[in-house]
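The values are calculated or read from the model by the stated rules, or taken from the named source; none is laboratory data. In this text the structure is predicted, and so the values were computed from the model without any measurement. Reconstructed Cβ throughout: ideal geometry from the backbone, glycine too, with neighbour counts over all protein chains shown. Just so you know, the surface numbers come from the protein's heavy atoms only, side chains and all, with ligands and any DNA or RNA stripped out. Shrake-Rupley method; radii C 1.70, N 1.55, O 1.52, S 1.80 Å.
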Amino acid sequence: MTLAIMQPYFLPYIGYMQLMGAVDTFVLYDDVAFINRGWINRNRLLINGQEYLFTIPLKDASQNKRINEVHLADDPKWRSKLLKTIEQGYRKAPCYQTVMPLTEKIINFTTDSIADLIYFSLVELNTYLGLSTRLVASSTIYGNSELKAQERILDICRQENVSRYINPIGGMELYTTPAFAQAGIDLKFIKAKRADYPQFKNDFVPWLSVLDALMFNDIPNLRKLLGEYELV
């Protein structure tokens, strides 16, 4: 069984989805410290040919709180504003009519928890892309939040009876192959390749939210994009 663990990101870039598609079980690491100005509640879209950073407003967000303890701002107007921005940016995209209802379903999901919103969004994206990956929130099952860093990752792998653990390439300095090998686990790192596709008539802007890829690609092309990576 193959597993990956990542903090929950809202409408993440396609490399995140590649990692999700590469494993049997994908753990949303939602009971670790919230990161201010990270990618948990922010991402980038293509608006008027330029990258545009959107942010979901949060209430009293702090790195002293765990991600699953952080709540959405009380003012619900951010939902309609974000949907309007997406409509303006993508209404002429080839897959807009198919993808916009999914986008509305995700953004209008009723919750005051950023972790729950992201979990719901990833389940919906998982279904739309035809992935069979099992999604698990770390706060709901493992009972090992007292462990830190690599030891906690290894404990989750043991609980799930994992044979291979895949991590983003940026974690190569955090995890050691011998420690995983001693536990009988094959440690691999995923390296996303830049996968260009037509975005209207402008020069391609890479590494945007997966929503951008959905707007410009049908399911067969999306599945090809999901395979544009290598394991090292």
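Of ASN64, ALA179, VAL205, which is farthest on the positive side of the dipole of the chain, counting Cα position, with +1 on Lys and Arg Cβ, -1 on Asp and Glu Cβ, and the Cα centre as origin? Selected residue: VAL205. Among 207-217, 27-37, 75-85, the peptide with the highest mean count of other Cβ atoms within 10 Å heads the list, and the full ranking is 207-217, 27-37, 75-85.
Taking a ≥ b ≥ c as the square roots of the eigenvalues of the Cα gyration tensor, an a/c ratio of 1.5 or more together with a/b no larger than b/c marks the chain as oblate.
Tell me the per residue accessible area of the chain using a 1.4 Å probe; a whole number in Å² is fine.
Value for the chain: 49 Å² per residue.
Placing pseudo-labels 7 Å out from each Cα toward the beta carbon at TYR128 and PHE109 gives an inter-label distance of 1.2 nm. Amide H to amide H distances under 5 Å link ASN167 with LYS188, PHE189, ILE190, where only residues 5 or more positions off or on other chains count and H is placed in the peptide plane. Report summary: the helix-based calculation at 222 nm, which adds -39500 (n - 2.57) for every DSSP H run with n ≥ 4 and divides by the residues of the chain, gives -10500 deg cm²/dmol.
Computed from backbone phi, the HN-Hα couplings of segment 120-137 come to 4, 5, 6, 4, 5, 5, 4, 5, 4, 7, x, 8, 10, 5, 7, 9, 9, 8 Hz, rounded to whole numbers (Karplus: 6.51 cos²θ - 1.76 cosθ + 1.60, θ = phi - 60°; Gly and Pro given as x). Binning the C-alpha pair distances of segment 178-232 at 10 Å intervals from 0 yields a P(r) profile of 20, 40, 19, 15, 5, 0 %, listed from the shortest bin outward. Of the peptides 117-128, 218-229, the ranking by mean beta-carbon count within 10 Å, highest at the top, reads 117-128, 218-229.
Taking all protein chains together and a 1.4 Å probe, the residues ARG152, ARG91 rank ARG91, ARG152 from largest to smallest accessible area. Taking the Cα centre of the chain as origin and assigning +1 to Lys and Arg Cβ atoms and -1 to Asp and Glu Cβ atoms, the resulting dipole is close to 520 debye. Seen from PHE54, the other residues with C-beta closer than 10 Å to its C-beta sum to a net charge of +3, counting Lys and Arg as +1 and Asp and Glu as -1. Dividing the convex hull volume of the alpha-carbon atoms in segment 1-104 by its residue count gives 117 Å³ per residue.
How far is helix 96-107 tilted off the main Cα axis of the chain, in degrees rounded to 10, range 0 to 90? Approximately 60 degrees, to the nearest 10. What is the helix-to-structure angle for 149-159, meaning the angle in degrees between its Cα long axis and the longest Cα principal axis of the chain, kept from 0 to 90 and rounded to the nearest 10? That works out to roughly 80 degrees. Each Lys and Arg Cβ is given +1 and each Asp and Glu Cβ -1; about its Cα centre, segment 12-119 then shows a dipole of about 500 debye.
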